[in-house]
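So the structure is just underneath, and the comments pick up after that.
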Amino acid sequence: MGRPVVLSNGQLFVGLDESGLVHDFYYPYVGLENLTNARSSQHKIGVWVDGQFSWTNDGSWHTSVNFEDDALISNISLHSPGLSISLHLQDYIDQEHDSLVRHITITNDSHEERDVRLFMHQVFEISRNGRADTALYVPDDHYVLDYKGRYSLLIAGKFADGGDFDQYAVGNFRIEGKAGTYLDAEDGELSDNPVEHGGVDSVIRFQRRIAAGESTVIDYWIVAASSQNDAQTVHNMYKGEDMQQRLDSVRTSWRNWLEEGDVTLPVDHKRSLQHSLLIVKAHCDDRGSVLASGDSSIFNYGRDYYCYCWPRDACYALWPLIRLGHYTEAKRFFSFARDTMHKDGYLMHKYQPDRAIGSTWHPLVHGRRKELAIQEDETACVVFMINEYYEASQDRMLVDDMYHTFVVPAANFMLRFIDDQTGLPHASYDLWEEKFLTTTYTVTT
């Protein structure tokens, strides 16, 4: 249900696993579509040093995966005793563009200069089952492009001094008896194969000689866009920039967002609060959805995942933000709720981030009697949260906008949705979506 690190800018959402590898990659919504192949393989990071090779998730590395204290920026440390190499990763989603950037510091922990090669592997599944994707190397602007239809994923990077990756390989992934192009990295050399179609993956290599005890810095990026031209524009901008400045700018942006909140806490509580706020913020889509979870791991064991917006859960997630003075996310969600409300004044139990109704196992018939497949508390919670928002913000304009378009229809529905015998709210599904009845919880909402 949770990733050690989640990163987002409200349109691109990335979840990293316990080894600091890309596990989930959602675009263009937070929670929709997942463009990775995380059910079977994550992106990989490999290191070759003077003839020895190791993947960072092969069990031989000492790993620490965390966040910075006051920004949605990862703080990942990887150390290989066998290779005497350390990697420090600061990963972030660009606030201006839909890009995952990995700021990687490689340190030679040995007592002699060494030939160090970093391999960055990526595997996407843009089309379902990965049978119609294309990956190719673009020589003019020196990048790898993975694309299908309106999804373009551009992979590239550079050293801090501007040097480029020096080798690449594109190939098939888990089709036609082929395990994946990532295996091409294990001898320290890549084939420079320029194109493949179907289920595909790719690897790029960065090579440097690093002196004893010294470090070198690489910025690696995946740009997501609706066209190759749009992705290439961002890529060329990164190529001409000091990426350390972009990292600093993203950090400042997150700190400024945290400072919008009206709160004073002891230092020992502040970090936990900031961390919690940032995690909630990461799950907020710019178009109003608040995602329950972006972790796709459960899909390996069940029929579905938690990449939906439950209106009740969204309200409870946003409540502390409202009380602390972060209002933008709540306003966007209220618009989301208004636009997804049924014409009869109720909300369905869950929605996709693009506002389509989510999947369900709730029937529309009980004992041959027609019933609504809803949880009534989800409609009530939004009305309650609009009031909480007004009490905190005194934003009369928002209330005026929502009153006749959401509050009145919802209130009228709840007044009608009453059991004739008990005078209590009519039966609907309970909090855990298991039982169809009238519960104390639903009545109190």
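The values are calculated or read from the model by the stated rules, or taken from the named source; none is laboratory data. Small disclaimer: the values here were computed from a predicted structure and weren't measured. Here the Cβ is made from the backbone with ideal geometry for all residues, glycine too, and neighbour counts use every protein chain on show.
Before moving on, here are some points about what is shown:
- Scanning segment 406-435 for residues that are touching a residue at least 40 places away in the same chain (Cβ under 8 Å) and either among the aromatic types (Phe, Trp, Tyr) or touching a Pro at 6+ places or on another chain (Cβ under 6 Å) (or both) returns Phe406, Phe413, Phe417, Tyr429.
- Helices (runs of 4 or more DSSP H) lying entirely in segment 345-445 (those with 3 or more residues that are modelled with pLDDT of 95 or more): 376-393, 396-402, 408-416
- Considering only residues in segment 230-253 that are under 21 Å from Glu68 (Cβ atoms) and of a type in the set (Val, Ile, Thr), the one that is surrounded by the fewest Cβ atoms within 10 Å (Cβ to Cβ) turns out to be Thr252.
- Tabulated pairs, segment 89-110, first not assigned by TED's automatic domain parsing to the domain that holds Thr63, second outside any strand (DSSP E or B) and not charged (D, E, K, R), C-beta under 7 angstrom, 6+ apart or interchain: none
- Among the numbered conditions (1) part of a strand (DSSP E or B); (2) in contact (Cβ under 8 Å) with a residue 60 or more places away in the chain, the only one that Gly10 does not meet is (1).
- Within segment 174-197, being under 25 Å from His235 (Cα atoms) and buried (at least 16 other Cβ atoms within 10 Å of the Cβ) holds for Thr181, Tyr182, Ala185, Leu190, Asn193, Glu196.
- Yes/no for Ser127 being of a type in the set (Gly, Ala, Ser), touching a residue at least 60 places away in the same chain (Cβ under 8 Å) and either within 28 Å of Gln244 (Cα to Cα) or buried (at least 16 other Cβ atoms within 10 Å of the Cβ) (or both): no
- Residue in segment 86-99 that is surrounded by fewer than 19 Cβ atoms within 10 Å (Cβ to Cβ), within 16 Å of the chain's Cα centre (by Cα) and in a strand (DSSP E or B) present: no
- Filtered residues of segment 226-260 (kept if among the acidic types (Asp, Glu) and closer than 19 Å to Tyr137 by Cα): Asp230
- Of the criteria (1) farther than 11 Å from Ser289 by Cα; (2) touching a strand residue (DSSP E or B) at 6+ places or on another chain (Cβ under 7 Å); (3) aromatic (Phe, Trp, Tyr), which one Tyr305 fails: (2)
- Close pairs (7 angstrom Cβ cut-off, 6 or more residues apart or separate chains): within 15 Å of His103 (Cβ to Cβ) in segment 245-258, among the aromatic types (Phe, Trp, Tyr) and not in a helix (DSSP H, G or I) anywhere: Leu247/Tyr92; Val250/Tyr92
- Selection within segment 170-206 - within 15 Å of Ile45 (Cβ to Cβ) and aliphatic (A, V, I, L, M): Leu183, Ala185, Leu190, Val203, Ile204
- Residue check for Leu318: touching a helix residue (DSSP H, G or I) at 6+ places or on another chain (Cβ under 6 Å), on the phi < 0 side of the Ramachandran plot, outside any helix (DSSP H, G or I) and at pLDDT 95 or above: no
- Among the residues of segment 297-308, some residue qualifies, meaning at least one is within 16 Å of the chain's Cα centre (by Cα), assigned to a loop (DSSP other than H, G, I, E, B) and farther than 19 Å from Arg332 by Cβ.
- Of all the listed residues (Ser276, Ser335), the sole one being in contact (Cβ under 8 Å) with a residue 40 or more places away in the chain, surrounded by 15 or more Cβ atoms within 10 Å (Cβ to Cβ) and assigned to a helix (DSSP H, G or I) is Ser335.
- Residue check, Leu83 part of a loop (DSSP other than H, G, I, E, B), at pLDDT 95 or above and buried (at least 19 other Cβ atoms within 10 Å of the Cβ): yes
Residue by residue, here is whether (1) farther than 12 Å from Gln228 by Cβ; (2) touching a Leu at 6+ places or on another chain (Cβ under 9 Å); (3) touching a residue at least 12 places away in the same chain (Cβ under 8 Å); (4) assigned to a strand (DSSP E or B) holds:
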site	(1), (2), (3), (4)
Ala135	yes, yes, yes, yes
Asp146	no, yes, yes, yes
Leu154	no, yes, yes, yes
Asp161	yes, no, no, no
Tyr168	yes, yes, yes, yes
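- Exclusive hit being surrounded by fewer than 22 Cβ atoms within 10 Å (Cβ to Cβ), under 19 Å from Leu278 (Cα atoms) and out of contact with any Cys (no Cβ under 9 Å at 6 or more places or on another chain), set Ile357, Ile322: Ile322
- Check on Thr233, assigned to a helix (DSSP H, G or I) and among the β-branched types (Val, Ile, Thr): yes
- Tyr137 fulfils the conditions (1) modelled with pLDDT of 95 or more; (2) surrounded by 22 or more Cβ atoms within 10 Å (Cβ to Cβ) except for a single criterion, (2).
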